[in-house]
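In what follows, a single structure is set out as structure tokens and then discussed.
All of the numbers you see were taken from the coordinates with simple rules; none came from a lab. Predicted, not measured: the structure shown is a model, and the values here were computed from it. With ideal geometry, Cβ positions are generated from the backbone for all residues, glycine too; neighbour counts draw on all protein chains shown.
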Amino acid sequence: MKNTVKNDVALAILRVVPSLMLLTHGIPKLQKILGGNLEFADPIGIGAAPSLFLAVIGEVICPVLVILGIRTRWATIPTIIMMAVISFVHHANDTFKSKELALLFLTFFVLIYLLGPGKYSFDKK
């Protein structure tokens, strides 16, 4: 396998795996909205319902776009912001263990932003 092919396969894996993992956190939030339950944390003071809607955008809509490679770099931005808020605001006074998963997702999505979607995407860059 040529290096460019390996790189594109690696970028596809980098896009798809963390996004699928993040969907496991986002889909229950989407189900909460669909069920009419808008109770949620409000770490930045905009209200529980808007915070929940933003979380669904960052954990469901954007990861689906990233998986498909549609406007990949733009799609990572809400997720990056959300993971930064979770890590540094919501869990500001918590242990590293409480922040670890959000920091890992933050790292993955920053890397996707920096590296782009690769050849195996709708963006094909």
Name the helices (runs of 4 or more DSSP H) wholly inside the range 45-125 in which the number of residues that are surrounded by fewer than 20 Cβ atoms within 10 Å (Cβ to Cβ), more than 14 Å from the chain's Cα centre (by Cα) and among the hydrophobic types (A, V, I, L, M, F, W, C) is 1 or more. 48-56, 96-115
Is it the case that the range 4-22 has a residue that's surrounded by 18 or more Cβ atoms within 10 Å (Cβ to Cβ) and not in a helix (DSSP H, G or I)? no
List every residue pair whose Cβ atoms sit under 6 Å apart, with the two residues 6 or more apart in sequence or on different chains, where the first one lies in the range 6-33 and is more than 15 Å from residue 110 (Cα to Cα) and the second, anywhere, is not in a helix (DSSP H, G or I). 8/118; 8/119; 8/120
Looking only at the range 23-44, count how many residues are over 20 Å from residue 103 (Cβ atoms) and either part of a loop (DSSP other than H, G, I, E, B) or among the hydroxyl-bearing types (Ser, Thr, Tyr) (or both). 7
